1. If the viscosity is 1.567 mPa s and the temperature 4 °C, what Stokes-Einstein diffusion coefficient in µm²/s follows for region 286-427 when Rh is the Kirkwood radius over Cα pairs?
2. Counting only the heavy atoms of the protein chains, how much of residue 244 is accessible to a 1.4 Å probe, in Å² to the nearest 10?
3. Take peptides 369-378, 311-320 and line them up by average Cβ neighbours within 10 Å, highest first, as a rough protection proxy.
4. Using only the Cα atoms of region 1-106, build the gyration tensor, take square roots of its eigenvalues as a ≥ b ≥ c, and label the shape rounded, prolate or oblate: rounded if a/c is under 1.5, else prolate if a/b is larger than b/c, else oblate.
5. Quick one, can you get me the convex hull of the C-alpha atoms of region 318-397 expressed as volume per residue in Å³?
6. Would you mind calculating the relative contact order of region 1-106 from Cα pairs under 8 angstrom and at least 6 residues apart, reporting the percent as a whole number?
7. I'd like to check one number: the per residue accessible area of region 1-106, probe 1.4 Å, reported in Å² as a whole number.
8. Test of understanding: what is the full-extension gain from residue 569 to residue 10, defined as 0.36 nm times their sequence separation minus their Cα-Cα distance?
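The values are calculated or read from the model by the stated rules, or taken from the named source; none is laboratory data. Keep in mind it's a predicted model, so treat the numbers as computed, not measured. Here Cβ is always computed from backbone atoms with ideal geometry, including for glycine, and neighbour counts include all displayed protein chains. For accessibility, only protein heavy atoms count, side chains too; no ligands or nucleic acids. Shrake-Rupley method; radii C 1.70, N 1.55, O 1.52, S 1.80 Å.
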Amino acid sequence: KMAAAAGAGSAAALWSEVNRCGQNGDFARALKSVNKILQINKDDVTALQCKVVCLIQNGNFKEALAVINTHTKVLTSDIIAFEKAYCEYRLNRIENALKTIQSASQQTDKLKELYGQVLYRLERYDDCLAAYRDLIRNSQDEYEEERKTNLSAVVAAQSTWERVMPEDLGLRETTYELCYNSACALIGQGKLNEAMKKLQKAEELCRQSLSEDSDVTEEDIEAELAIIHGQMAYIMQLQGRTEDALQLYNQIIKLKPTDVGLLAVIANNIITINKDQNVFDSKKKVKLTNAEGVEHKLSKKQLQAIEFNKALLAMYTNQADQCRKLSASLQSQSPEHLLPVLIQAAQLCREKQHAKAIGLLQDFADQHPASAAEIKLTMAQLKIAQGSVTKACMILRSIEELQHKPGMVSALVTMYSHEEDIDSAIEVFTHAIQWYQQFQARTNYGCCVFQPKSPVHLSLIREAANFKLKHGRKKEAISDLEELWKQNPKDVHTLAQLISAYSLVDPEKAKVLSKHLPSSDTLSLKVDVDALENSHGATYVRKKAGKLTGDNQQKEQGQGDVKKKKKKKKGKLPKNYDPKVTPDPERWLPMRERSYYRGRKKGKKKDQVGKGTQGSTTAGSSELDASRTASSPPTSPRPGSAAAVSATSNVIPPRHQKPAGAPATKKKQQQKKKKGAKGGW
């Protein structure tokens, strides 16, 4: 009895110690006291609950969950449901936390709060919105502002990730958290300028609220503003202000914020700005996206975008195997997603395997008809890159849902025109016009009143008519022009085109239609001729007439409308012109094209030495023969003798004669060369 009384006394003292430590927030010391109580009674429910709470307060979630799981008989779900679910939530076991909450017999306010958080993490935004609305409606305490902040965060997530138009919750944006969430919702709607103003207001409110606390430093304020500045930089990036965005992103990274999710998003956005440039910086930034715990901080779409960019970066850095590995992993996670297949096809194209890339895209299009249109557009682009324009046209025409679109019609007509396939181009116009006719027939079913055609339909008919007229298909253009004139009988331009087309087919019909043309009297052309002539770019500008005075005025009045003839100036004659000599009729032709041109003369032969065979005499040797002087009369050789041949061979034609003093000049040049050579050494 004495021992029992002593144990009871010590337990009471321990409980009072636990109570005092709990009020002071000293949960580590309280845990020691609780453990001593459990040594006295290991199945004490209250002591076990206190131990779990102390472990949670100290951040030991795994140990707290282990205590709960080892004492399931004592700690039933009715008693410990919230603590168990909270531990699972903090350990990122979100699905388990949801099951624990749903299995609780009684849904307390604490469980409802946690239920909203769990739904948000599971991205079940509709259920989460309903949960928070119910909480705000049925609770009145000091946490109402936090609940409204969470509610606005859910609306922002719906707008950003699900593209849902957010409803006006009527929340007063008195805190920077509410302003920030409102800005995120505006970004999801594409209202970037309004979102930027909201973020600026959020920054101002954040500075005001934090500056009131004397313990908060400027570094703490900048760290808190990092997420707001990151969103500002994202808006700048969307607006095309990439330099400003990049500067702001780098400023945030220098602050080294503790939020790994924020760092991962900023690093990913910098990589998207770099693209295939500055890949070394991108490889450094990609390490921030691999930090521990990032997967628990970001949404599924954010994580997916980061993985896509990793695959693209691997492709840009020529890491083909890594690119294939990442894209295959992405495709296994999201088999219906288009981007992994496009990345694989791009990698194959970089490896010059275009046929394999097209085959890969074709297989995906067959398996996923919903994405077939985008895939086929990519296939057509690859065919065009290979120069197979006709095959690209065939692929584009297989996309049924885009056949009638003006952009598709324009692209096909342009490509067929490039290939000079006018019939196929006209066929494209015909199919598109028929589609609109059938659509109008479906919408006007049972209506007998004349219905005007849609602007897109009329535009296609006009483009088809103009195309046919441009390529000489006037007969085929008649039906289109008649349809256009029927829609607008006052269109004179269409009527003129129709008359021109009928003039080749049915001249009588053309005459009948020409009666509908307005007469020249009804046409009032309000044209200022003077302004037109004096306008910029006019080929003729009328000179302003000067004032006529005295005799000049009388002469002008006497001459009336007779215009003065300008005297032609006489052409200048060359200085050596001789009127007695007939000019060369070919003088206007270039020298090379004249009939008497014999080619350009080459340089005169300076010396004949060494030109003949060995031992032969040159033509100048006869000049050194004293017997053949001018005083001695030449003998008259007999015809056919050798002397006659020798005499005739010594005659030097004028073209072959050397100018006087040529050898001396050559010697001087040689002497100069020798002097130059000597001086050089």
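1. Rounded to a whole number, D works out at 77 µm²/s.
2. Residue 244 has an accessible surface of roughly 70 Å² with all protein chains in place.
3. Output ranking for 369-378, 311-320: 311-320, 369-378.
4. prolate
5. Measuring per residue, one finds 75 Å³ for the Cα hull of region 318-397.
6. 18
7. Accessible surface, normalised per residue, equals 58 Å².
8. 187.6 nm
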